[in-house]
Amino acid sequence: MSSLAERMARLIVHGERPYNAEPPLDRLRMRYRTAAEDFYVRSHGDLPEIDPATWRLSIDGAGVGPLDLSLAELRTRFPEATVTATMQCAGNRRADMRVVAPVSGDPWDGGAIGTADWTGIRLGDVLRAAGVTPEADLHVAFESHDLVEGQPYGVSIPLAKALADETLLAFAMNGAPLLPEHGFPVRAVVPGFAGVRSPKWLKRITVQDHPSTNPMQADDYKLFPPDVTAETADPAKGHTIETMPLNAAICEPARGARLKAGETTVRGYAIAGDRAVVRVDVSGDGGRSWHQARLEHEAGAPFAWTFWEIVLDLPSGERDLAVRAWDSAGQTQPARPDETWNFKGYLSASWHRVRVEVA
């Protein structure tokens, strides 16, 4: 296995401590399943070093457990499951919002996203073994080994999502054990939700009658209107980010590319959270005219992205390429980042635009 330093050298690193990085967009589009070493990394604290031989996962809470499981017990006591799913940071494409006005957080381009075959066991199987019975108002809180400002990372999801078949406690990615930066030895995978709800380096799971009170859940990853600032934001009034919005990005050609006049292949991805992408429109003139792209999506993978591709005939000059997707609810994306700007730069999902020079 390559070293962490070698893997970091492959990515666009936004920070080393905590380690945050994304792949170049053209590499992201090379294969439907993103290679682990090319998968974006989002960390909030230092990467913990965990001995799988001594790792334990505890499950407790309202009317459940307690259970205490080793890695071997987790893998042998419950049936294995694999889910093909896209994971995406809530700050993906934040760089587009930074053009409108300053925002906080790493300047992600469109690479804070990736798709993998996640293998593990269903979280619902573990919760049912601990005695959980479905109740609409319960929540499943996660606690991890990584520390954020001296406190363990913690978030929660509604019990209904925790019991859904697609939600996993994963120990493998694309058939290989998780890399340290992706949550070794065990992480949660919550398809359709923002990556923040899929915590890595799991330590404890608690069933409770309220969302997690951890600052990561209670204070951060909240969506606010454009008139709210960091100074005036009240976390209790912010929308907790869970399901991700419809989005699309151009992966090839890159911004600033110099192209020959004539036919140019344009490729990218589209994603619709828990809905299907049904159409992708691509423009070679900044949105004045549109052409429908060919779509590629794997059957049986409702939580995975859709690849798209189109050949455009581009005349000479400076050209603004743009893409917008449509989902199964008949919804499309806003035209400009101004329309959804917020001081955190979350959920940037306007038309993705790439300016190229055609000669």
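Quick note: the coordinates plus some simple rules give every number you see, no bench work behind them. Owing to the predicted nature of the structure, the values given are computational and were not obtained by experimental measurement. No Cβ is skipped: glycine too gets one built from the backbone with ideal geometry, and neighbour counts run over all protein chains shown.
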inquiry  = So for each of 123-129, 13-19, 174-180 I average, over its residues, the number of other beta carbons within 10 Å; can you give me the resulting order with the highest mean first?
reply    = 123-129, 174-180, 13-19
note = Projected onto their principal axes, the Cα atoms of region 247-313 stretch, largest extent first, over whole-Å spans of 39, 21, 16
ask   = What is the Cα radius of gyration of region 182-338 over 2.2 N^0.38 Å, N being its residue count?
value = 1.31
Peptides 220-228, 263-271 ordered by average Cβ neighbours within 10 Å, highest first = 263-271, 220-228
Euclidean distance of C-alpha centroids, region 148-190 and region 331-359, integer Å = 29
inquiry  = Can you show me the helix-derived [θ] at 222 nm for the chain, built from DSSP H runs with n ≥ 4 at -39,500 (n - 2.57) apiece and divided by the number of residues, rounded to the nearest 500.
reply    = -2000 deg cm²/dmol
remark   = For 106-117, 75-86, ranked highest to lowest by mean beta-carbon neighbours within 10 Å, the order is 106-117, 75-86
ask   = Between LEU4 and LEU223, what length comes free when the chain is fully extended (0.36 nm per residue of separation minus the Cα-Cα distance, one decimal in nm)?
value = 75.5 nm
remark   = Here FRET efficiency (C-beta to C-beta, GLU296 to GLU149, R₀ 56 Å, nearest 0.05) is 0.85
key: For the chain: span of alpha carbons on each principal axis (Å, largest first)   = 67, 46, 39
query = So how far, in whole Å, is the C-alpha centre of region 195-219 from the one of region 4-75?
reply = 16
Contact order normalised by residue count of the chain, Cα under 8 Å, 6+ apart, percent = 17
query = Straight-line reach from LYS344: which lysines have Cα under 17 Å away, leaving out those fewer than 8 places along the same chain?
reply = LYS222, LYS237
key: Mean separation of Cα contacts under 8 Å (6+ apart) over length of region 247-358, as relative contact order %   = 35
task = Could you check the simple spin-label distance between ALA359 and ALA257, using points 7 Å along Cα→Cβ, in nm with one decimal?
result = 1.6
ask   = Looking only at region 22-64, which residues have a backbone nitrogen under 17 Å from a spot 7 Å from the Cα of ALA176 in the C-beta direction?
value = 23, 28, 30-41
message = Report the per residue volume, in Å³, of the convex hull enclosing the C-alpha atoms of region 247-358.
response = 104
request  = Find how many whole Å separate the alpha carbon centroid of region 225-260 from the alpha carbon centroid of region 91-143.
outcome  = 15
